1. Under 6 Å by Cβ, and 6 or more places apart or on different chains, what pairs join a residue from the stretch 211-235 that is farther than 18 Å from Leu78 by Cβ and of a type in the set (A, V, I, L, M, F, W, C) with one that is surrounded by 19 or more Cβ atoms within 10 Å (Cβ to Cβ) and modelled with pLDDT of 95 or more?
2. Within the stretch 105-122, can you find the residues that are in a strand (DSSP E or B) and within 19 Å of Leu146 (Cβ to Cβ)?
3. What is the residue count in the stretch 173-187 for residues that are surrounded by 13 or more Cβ atoms within 10 Å (Cβ to Cβ) and more than 20 Å from the chain's Cα centre (by Cα)?
4. Using the structure shown, decide if Glu179 is charged (D, E, K, R) and either part of a loop (DSSP other than H, G, I, E, B) or under 20 Å from Ala259 (Cβ atoms) (or both).
5. Name, by its number, the condition in (1) under 30 Å from Ile183 (Cα atoms); (2) surrounded by fewer than 17 Cβ atoms within 10 Å (Cβ to Cβ); (3) at pLDDT 95 or above that does not hold for Pro8.
6. Could we say that Met111 is surrounded by 19 or more Cβ atoms within 10 Å (Cβ to Cβ), over 17 Å from Val307 (Cα atoms), at pLDDT 95 or above and aliphatic (A, V, I, L, M) here?
7. Filter the stretch 188-211 down to the residues that are part of a loop (DSSP other than H, G, I, E, B) and either surrounded by 15 or more Cβ atoms within 10 Å (Cβ to Cβ) or among the hydrophobic types (A, V, I, L, M, F, W, C) (or both) and list them by number.
8. Listed residues Asp83, Asp113; which is closer than 15 Å to Asn165 by Cβ, among the acidic types (Asp, Glu) and under 15 Å from the mean Cα position of the chain (by Cα)?
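The values are calculated or read from the model by the stated rules, or taken from the named source; none is laboratory data. As the structure is a prediction and not an experimental result, all values here were calculated from the model. Cβ placement follows ideal geometry from the backbone for every residue including glycine, while neighbour counts extend to all protein chains displayed.
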Amino acid sequence: MTIAQASPNRQPMRTVVRFLAIAMMALPLAALAGEHPPVPGLNSPSPLAGRVWSPSERRLISPEALVERMLEAGIVGLGETHDNPDHHALQAWAVRRLVAAGRRPVVAFEMMDADQQAALDAGLGDLDGLGRALHWEKRGWPDWSLYRPIAQAALDGGGALVAANLPTSTTREIAKGQENPDIRDRFGLDDPLPAPISAAMATEIRDGHCNLLPETAVPAMVRVQRARDAALAEAVANQATRPEVGPVVLVAGSGHVRADRGAPARLRLLVPGVRVFTLAFLEAGDGESDPAAAARFRDGGTPFDAVWFTGKVEREDPCAQMERHMRAKAK
C-alpha cells in the first residue's frame, strides 16, 4: 500500500478542513443550483433515458438531488460505457457542478496508466494535444475529444488529473502469473475472494468475451481484473488523503465503480473513513420502462448508489468482432 499516513501534527488541520467541507454541504440545495444537464446527443425511445434512479430509495430522483449526494462524498465514482458520448458529456457536467459548488475535484482516469503520470503532467499545457501525448487512440480508447471536457472542468476548478490504471507491463506479468510478491501483497491478490463474487467475475469475463475464451484463461483474467480495481482504488485513495482538494472523481468503466466488488470495495479497506458515492451511466433498452429492472445486473441487485439512464449507441455486434479477432489470432 502506498497511501501516505497523516502525521499527528497535521491531523488537527485536516480536521478543520473536513469540518469546513461539511459546513459547505449544509448549504441549502437551492444555493448549489446551477448548470442543467446537457441535452442528450443520442435519441432513445426508452422512457427511462435521461432519468436518474436511486436503488436504495427505489425511486427516481432529480439531477439536483443527485448533485447533493455527490457533494456529500469524498470520492465519487462515475461509471461509463466507453464509446457512449452522452456518458462523457454527463461526466463533464458532474465535475463542473462540483466546481460550481466550490470543490476542487481531482479526476482519476482508468484510461491513463499510472506510469503515464509524468507525460500527463507535461501535457497539461496543451489539452487538445494531450490525447496524442498519451497515445490515447492507439491504446484503444474512444476519441480524446470525448474526455477532454472532463479534464478541462477539473483543471478550471483548480483540481488535478491522475493516471490511475495498472501499467501494461504489470498487467502482463499478472496475466502470466509472473508478478512479484510485493505486487500480490500490494493489490491483495492472495486474499481469497468470496465464492459468489469469484463466480460472478468469472461469468462476467466469459460473457464479455462471448464465451470464446479457453476456460484456462479465465482465472488469470479474474486476477487481472482484481488488480486493476485495486490499482484504481490505490490511486484514488492516495488523493483522498489530501484535504485541500476533492472530491476525488474516478472516471472508469461501470464495472470498475460497482460498489460490491469494484474499486469501491477496495477503497473501503484503504480509506474506511471516506464516503464513496457511485454513479453509473447505463444505456436503457428501447422497450425498458421499469428502472429497477433496467438497473439490475445479472448477478442480482444494483451495485451503484445511483443510475443515470441514457440512450444506446448503435454498434456492431461485439461477438462478431470477437470471433474475427480470435480467428485472426489462430492463423
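1. Val224/Ile174; Ala227/Leu166; Ala227/Ile174; Ala227/Phe187; Ala230/Phe187; Ala230/Arg266
2. Val107, Ala108, Phe109, Glu110, Met111, Met112, Asp113
3. 7
4. Yes; evaluated as a whole, the condition is true for this residue.
5. (3)
6. yes
7. Passing the criteria: Gly188, Leu189, Leu193, His209, Cys210.
8. So the residue among Asp83, Asp113 that is closer than 15 Å to Asn165 by Cβ, among the acidic types (Asp, Glu) and under 15 Å from the mean Cα position of the chain (by Cα) is Asp113.
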